[in-house]
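A short worksheet on the structure shown next.
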Amino acid sequence: MAILSFVCSIGNVPLAAVLWNGGISFGGVVAFIFADLLILPILNIYRKYYGTRMTLVLLGTFYAAMVGAGYLVELLFGAAGLIPKERNAMVMEEGISWNYTTWLNIAFLILAAVLLVWFFRTGGRDMLAMMGGSPDSATDHDHHSGHAPAHERARRA
């Protein structure tokens, strides 16, 4: 359920609190929070980089680790008597407010805008365009310009 209901990394915590209030086990709550490793966008990135087969291996491994960690936490915390008896986790309803976080966000947005303007005014776009290409294209360029390594010049001669 956590894989499909992913809101954001910290977004699973209030959902876990709701599940805790609804009667899910303590280990189940921990496993639900650990499920952040198994969200669909990350699995898609794994698929692109490692292929479908390796993605399925990673999915199975992370899922087994998540379930195992949940059971282990349930057993250890239960044996130590650390599982809360009451299920009254409060999920706060927060609205938009003007606090220090709001002012810091505004300040850093202004700073980011200043840095972007500076980047573009000092030729950053041209520099960024020159950075495109792979290392192989630079090596091929050397072979065509007559600046090939000695072993390559000897082979051609």
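If you take every residue apart from Ile24 with its C-beta less than 11 Å away from the C-beta of Ile24, what net charge results, scoring Lys and Arg +1 and Asp and Glu -1? It would help to have the intermediate numbers written out before the result.
Numbers: positive: Arg87; negative: Glu74.
Local charge sum for Ile24: 0.
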Legend entry - Separation of the Leu116 and Ile96 label points, Cα + 7 Å toward Cβ, nm: 1.9 nm
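Nearest 0.05, what FRET efficiency do Ile106 and Ile10 give at R0 = 22 Å with Cβ-Cβ as r? Walk me through the numbers on the way to the answer.
Working: r = 21 Å, r/R0 = 0.97.
Calculated transfer efficiency: 0.55.
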Legend entry - Cα-projected label distance for Met1 with Ser25, points at 7 Å along beta-carbon direction, nm: 1.5 nm
Legend entry - Environment charge at Leu56 (Cβ cut-off 15 Å; Lys +1, Arg +1, Asp -1, Glu -1): +3
Legend entry - Packing-based ranking, highest mean first, of 59-72, 113-126 given that Cβ atoms within 10 Å are counted: 59-72, 113-126
Legend entry - Residue-span extension gain [Tyr71 to Asn88] - 0.36 nm each, minus C-alpha spacing: 3.9 nm
Legend entry - Label-point separation in nm, Leu37 to Tyr63, each point 7 Å along Cα→Cβ: 1.4 nm
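Quick one: which of 22-31, 95-104, 45-54 comes out on top by average Cβ neighbours within 10 Å, and what's the full order, highest first? Show your work: numbers first, answer last.
Values: 22-31: 16.9, 95-104: 8.0, 45-54: 12.0.
Ranked from most to least packed, the peptides come out as 22-31, 45-54, 95-104.
Just so you know, all these numbers are worked out from the coordinates, no wet-lab data involved. Fair warning: this is a prediction, and the values are worked out from it, not measured in the lab. Ideal geometry is used to build each Cβ from the backbone, glycine not excepted, and the neighbour counts take in all protein chains shown.
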